[in-house]
Amino acid sequence: MFYFLVAIAVLLLAYAAVLVNFVRKGRKIPPAAYLGLAVLNGLILAAILAWAIAR
């Protein structure tokens, strides 16, 4: 489970880096990007809660 959490955290950081790259180039962030960010955040939050409860 720990490796799953690390993998999701790395995906979240990579996704955030892509969004920062968009902003630096002067582009607007597409609305779907916010949904993707919310899904990744929700997934890591659910995984952390499941991991904490299982311990």
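Values in this text are rule-based calculations from the coordinates and carry no lab data. Bear in mind the structure is a predicted one, so any value in this text is a computation, not a measurement. When we count neighbours, we look across all protein chains shown, and the Cβ atoms used for this are built from the backbone with ideal geometry, even at glycine.
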Helix-only mean residue ellipticity at 222 nm for the chain, each DSSP H run of n ≥ 4 adding -39500 (n - 2.57), per residue, nearest 500: -30000 deg cm²/dmol
If you stretched the chain out fully between L45 and Y15, how much longer would it get, using 0.36 nm times the residue separation minus the C-alpha to C-alpha distance? 9.2 nm
Net charge of neighbours whose Cβ lies under 13 Å from the Cβ of L19, counting Lys and Arg as +1 and Asp and Glu as -1: +4
Any chance you could give the angle, 0 to 90 degrees and rounded to 10, that helix 31-54 forms with the longest Cα principal axis of the chain? 10
Degrees, to the nearest 10: 2-24 long Cα axis against longest axis of the chain: 10
Taking only the alpha carbons of the chain, the radius of gyration and the largest Cα-Cα distance, Dmax, both in angstrom, are 13.4, 45
